[in-house]
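Below: the structure, in structure tokens.
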Amino acid sequence: MRVKKGVTAHNRHKKVRKATKGMIKSRRSSYRLGKQALIRALQYAYRDRRTRKRAMRQLWTIRINAAAREHGIKYSEFIAKLQKSKIELNRKSLAELAVHEPQAFSAVVKSLK
């Protein structure tokens, strides 16, 4: 008996078209171009999830450095003194303190001196 693949192919095409919903022109309407665009988009998404982590850490460092320099201390000295005094605050929470709670950040700096 001959097996026809119409249902399977249709479902696969439907899945690709659903995933390429926000794209323009042939990338959305054509299965072939849509599949290529989808593969590339997923590769970029995978790569950029890691890039975002890198960028966020850089942003936290910049914010902590700016706030620390307002209190007359460099970023590297600030982090070294934090580790030496066994204060376990990560960079994300320190950056949040620096931006939203300046008094709390200054208390942390004073506890190091």
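The values are calculated or read from the model by the stated rules, or taken from the named source; none is laboratory data. None of these values were measured; they are calculated from a predicted model. Note that each Cβ is placed from the backbone with ideal geometry, even for glycine, and that neighbours are counted across all protein chains shown. These accessible areas exclude ligands, DNA and RNA; they are computed on the full protein's heavy atoms, side chains included. Shrake-Rupley method; radii C 1.70, N 1.55, O 1.52, S 1.80 Å.
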Verdict on R2 being open to solvent by 100 Å² or more (accessible area, probe 1.4 Å) and assigned to a helix (DSSP H, G or I): no
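Of all residues in the range 78-96 being open to solvent by less than 80 Å² (accessible area, probe 1.4 Å) and outside any loop (DSSP other than H, G, I, E, B), which is nearest to I62 (Cα to Cα)?
Our first condition is that a residue be open to solvent by less than 80 Å² (accessible area, probe 1.4 Å); within the range 78-96, this holds for 78-80, 82, 85, 87, 89, 91, 93-95.
Now drop any that are not outside any loop (DSSP other than H, G, I, E, B), which leaves 78-80, 82, 91, 93-95.
Values: F78: 13, I79: 13, A80: 16, L82: 17, R91: 10, S93: 13, L94: 11, A95: 9 Å.
Among those that are open to solvent by less than 80 Å² (accessible area, probe 1.4 Å) and outside any loop (DSSP other than H, G, I, E, B), it is A95.
Quick grid of which residues meet (1) of a type in the set (V, I, T); (2) open to solvent by less than 90 Å² (accessible area, probe 1.4 Å):
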| site | (1), (2) |
| --- | --- |
| S26 | no, yes |
| A41 | no, yes |
| Y46 | no, no |
| T61 | yes, yes |
| A107 | no, yes |
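Each row is one residue, and each column tells you yes or no for (1) under 14 Å from V99 (Cα atoms); (2) in contact with a Phe, Trp or Tyr (Cβ under 7 Å, 6 or more places away or on another chain); (3) among the aliphatic types (A, V, I, L, M); (4) touching a residue at least 40 places away in the same chain (Cβ under 8 Å).
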site: R32; (1), (2), (3), (4): no, no, no, no
site: K35; (1), (2), (3), (4): no, no, no, no
site: Q43; (1), (2), (3), (4): no, no, no, no
site: Y46; (1), (2), (3), (4): no, no, no, no
site: W60; (1), (2), (3), (4): yes, no, no, no
site: A68; (1), (2), (3), (4): yes, yes, yes, yes
Among (1) more than 30 Å from S111 (Cβ to Cβ); (2) touching a helix residue (DSSP H, G or I) at 6+ places or on another chain (Cβ under 6 Å); (3) among the basic types (K, R), K81 falls short only on (1)
Hey, K21 more than 17 Å from L112 (Cβ to Cβ), assigned to a loop (DSSP other than H, G, I, E, B), in contact with a helix residue (DSSP H, G or I) (Cβ under 9 Å, 6 or more places away or on another chain) and open to solvent by 90 Å² or more (accessible area, probe 1.4 Å) or not: yes
